[in-house]
Amino acid sequence: MKSTLVVALAALLLNSLPAAEPVPPKGFRALFNAKDLTGWYGWNPHDGAKLEGEKKAANLQKQRADFPQHWRVENGELVNSGTGPYATTDTEFGDIELLIEYKTVPKADSGIYLRGTPQVQIWDVNQVFNEKNPTRRPHLGSGGLFNNTPNTPGRDPLVLADKPFGEWNAFRIRQIGAVTWVWLNGKLVVDGAVMENYWDKKQPLPAKGPIMLQTHGGEIRWRNLFVAEIPPDEAKRILATVKPKP
């Protein structure tokens, strides 16, 4: 009985300790401090993108106020139950390399917006393919640029790389201009594909914009969010190695 009590008290103590400060790899910086929501605000652009002036300002103010009602920090993880505005960085980014880990649940549907644009997709890969909606292919796995035109490079992942529910998945995302690479759990799933501008496909991807964590349909947890900005000389060198897509 005494040993059980000691174990329980130890577990309680560990859970009450503050999470360790994230340690970014060399050349990266942390986007999330594992303590609070500093550096982030709430914004679902689909709710306010077409608004202008005072109406847009009021919509953004409401979403900012709503943000902490849906997002929380728990055990050093950024957590959302699948509701509310998306977690949006205060800082806008251009050419970057992004490292991010996530864990989600069945029937959830999420993603990562780059430059405020959807998205690197996160699926429940156990969903059954629906022949009546043939361009929606969750069974192929996460990491694809889901809002690209169907059947174009990058729209669906090259391989299925998702881990089973309950395990953490790790993304490495590189974007230079609109050219985008995605690795999921160490496997290349998007190989230098152009990310289309969802908001206006006739226009190029914005030069800069926030990183956004979409929430939709179920709990998702995020941790170890690190970013490195790619300087122009390095960006040019990397782009020189890109082979044209067929």
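Annotations
- Computed per residue of the chain from DSSP H runs no shorter than four, each worth -39500 (n - 2.57), the mean residue ellipticity at 222 nm is -5500 deg cm²/dmol.
- Ala193 long-range amide H proximity, modeled H, under 5 Å: Thr180
- Whole-angstrom gap from the stretch 21-48 to the stretch 181-222, using each part's C-alpha centre: 16
- Here the simple spin-label model places points 7 Å from the Cα toward Cβ, and for Lys26 and Leu239 these points are separated by 2.7 nm.
- For the stretch 26-239: relative contact order, % (alpha-carbon pairs under 8 angstrom, 6 or more apart): 29
- DSSP H segments from the chain that extend 18 Å or more along their own axis, Cα-based, with Kyte-Doolittle mean of 0.0 or above: 2-16
- The stretch 90-246: mean projected area of Cα convex hull, nm²: 9.4
- Length gained on full extension, Gln203 to Arg64: 47.2 nm, using 0.36 nm per residue less the C-alpha separation.
- Among 136-143, 33-40, the order from most to least packed when residues are scored by Cβ within 10 Å on average: 136-143, 33-40
- Within the shell defined by Cβ-Cβ distances under 11 Å, the residues around Glu167 carry a net charge of 0, with Lys and Arg each +1 and Asp and Glu each -1.
- Note on the chain: dipole from Cβ charges, positive end direction compared against Gly143, Ala228, Ile112; the farthest Cα belongs to Gly143.
- The stretch 52-99 - percent relative contact order, Cα under 8 Å, separation 6 or more: 27
- FRET E, pair Asn133, His216, Förster distance 22 Å, beta-carbon r, rounded to 0.05: 0.85
- Summary of packing: across the peptides 94-105, 200-211, 111-122, the per-residue average of other C-beta atoms within 10 Å ranks them, highest first, as 111-122, 94-105, 200-211.
Since every read-out is calculated from the coordinates, none of them should be taken as a lab result. Keep in mind it's a predicted model, so treat the numbers as computed, not measured. Positions of Cβ are generated from backbone atoms using ideal geometry, with glycine treated the same way; all protein chains shown enter the neighbour counts.
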